[in-house]
Amino acid sequence: MRSARAAIRAGIVIGLCGALLMGCGSGDEPEGDRASGSKGTTGTKEPTGTEGTTGAEGTTGPSGGPSAATSGDGPTGSAGSAGSEGGDKGGTASGEPGGTAAPDATPAPDTTPTPDFVADPALVPRNRADALTLARAVITRPTEYGRGYGKGTPYESDPGDWNVLDTSCNWQREGLPRTVLASFTRRGQLPASGAKGLVRISSTVTVHRTTSQADWEMAETLEEALRCPDQRLGGSERVQQLMSLGSAFGQSANLTADDSLMERGEFIDESGGGAPAHYAWNQSRLGTVTVSVVVKGGKGHTPLELTTAQIQAMTSMVNRLKNALGGTE
């Protein structure tokens, strides 16, 4: 199991790091059984389901939350997360001219950062009722996306379902696997106005039974963009040219979560003319819980504006999640 996840991670990193023009590190994977289930919901890819993995796993987060990313009705599934990058060790050479260089007998200390948040075990959900209570307390409110945002349609998902990406790269809604206690999605939208089109956005909180299972959701989410760079969300909606990348704690400025992932591509609504728009999905993991935000842009909206809405939502959820789980920092 451990070697399988390492192989997945290594292949994804090699294939995508160069494409995204970002530095990538290597790391060990967490141990544990793989959680069953996969990502998103039919019609929209959300952080509720297992999303595919593409890129090194980990976290890339804003202050209090990871960096912008998205999917419609979210990735709900399990994935593995990438381990933290190992620190370099070595000695300095010394010697007189003409002599041989000798390594320093004292190796440099390992400076690999480790997550600074540890949840209080007594506050980690152990049953479906507690998991749903936590998800409802943590998930984004529509106004947190920014001015003008309101409730989407449908507003909330069934916490007993999540989205699964099938072998044909189409999203389907399925019941939760036994490894997941709850997966709850809430949708928002910024109505079209003047020359600007409709923006769809959604947030998802997924509570797993174990940290290892939550970690597998992260890994599978990365893999999905590699397996299916073009995906059908449902109805007239689809995404294309997807790439994703992950960062463990301490990598790529991720100092807020155990792991963080981001996915970028183009969103197309064939009923609205089919012009490509900004698409982004971001997910972070703290212990057994993952939180994610998906943004499907509209005409006239810049990536910066949409990324800001996404980061605000991620930050609020990560901060509330830390408060709900207590623990230490």
From the option list Arg136, Arg147, Arg141, single residue qualifying as within 19 Å of His208 (Cα to Cα) and either touching a His at 6+ places or on another chain (Cβ under 9 Å) or at pLDDT 60 or above (or both) is Arg136
In the stretch 246-288, what residues are farther than 30 Å from Leu198 by Cα and either aliphatic (A, V, I, L, M) or at pLDDT below 80 (or both)?
-> Ser247, Ala248, Phe249, Gly250, Gln251, Ser252, Ala253, Asn254, Leu255, Thr256, Ala257, Leu286
Of all residues in the stretch 304-313, which are touching a Gly at 6+ places or on another chain (Cβ under 7 Å) and open to solvent by less than 50 Å² (accessible area, probe 1.4 Å)?
-> Leu306, Ala309
Residue that is most open to solvent (accessible area, probe 1.4 Å) [pool: residues in the stretch 131-175 that are out of contact with any helix residue (DSSP H, G or I) (no Cβ under 9 Å at 6 or more places or on another chain) and among the hydrophobic types (A, V, I, L, M, F, W, C)] | Leu132
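A quick yes/no check of all residues on (1) open to solvent by 10 Å² or more (accessible area, probe 1.4 Å); (2) assigned to a helix (DSSP H, G or I); (3) at pLDDT 95 or above:
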| position | (1), (2), (3) |
| --- | --- |
| Leu222 | no, yes, no |
| Ser244 | no, no, no |
| Val291 | no, no, yes |
| Thr315 | yes, yes, no |
Enumeration of residues in the stretch 261-289 that are under 30 Å from Thr210 (Cα atoms) and assigned to a helix (DSSP H, G or I) | none
When you look at Ser193, is it over 18 Å from the mean Cα position of the chain (by Cα), of a type in the set (Ser, Thr, Tyr) and at negative phi, yes or no?
-> yes
Result of the Cβ filter at 6 Å on the stretch 143-159, keeping first residues that are free of Cβ contacts under 8 Å to residues at least 12 places away in the same chain and partners that are outside any strand (DSSP E or B) and open to solvent by 80 Å² or more (accessible area, probe 1.4 Å), at least 6 apart or interchain, is none
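The values are calculated or read from the model by the stated rules, or taken from the named source; none is laboratory data. Since the model is a prediction, treat every value here as computed from it, not as a measurement. Note: ideal-geometry Cβ built from the backbone for every residue, glycine included; neighbour counts use all protein chains shown. Accessible surface is based on the protein model in full, side chains and every heavy atom, while ligands, DNA and RNA are left aside. Shrake-Rupley method; radii C 1.70, N 1.55, O 1.52, S 1.80 Å.
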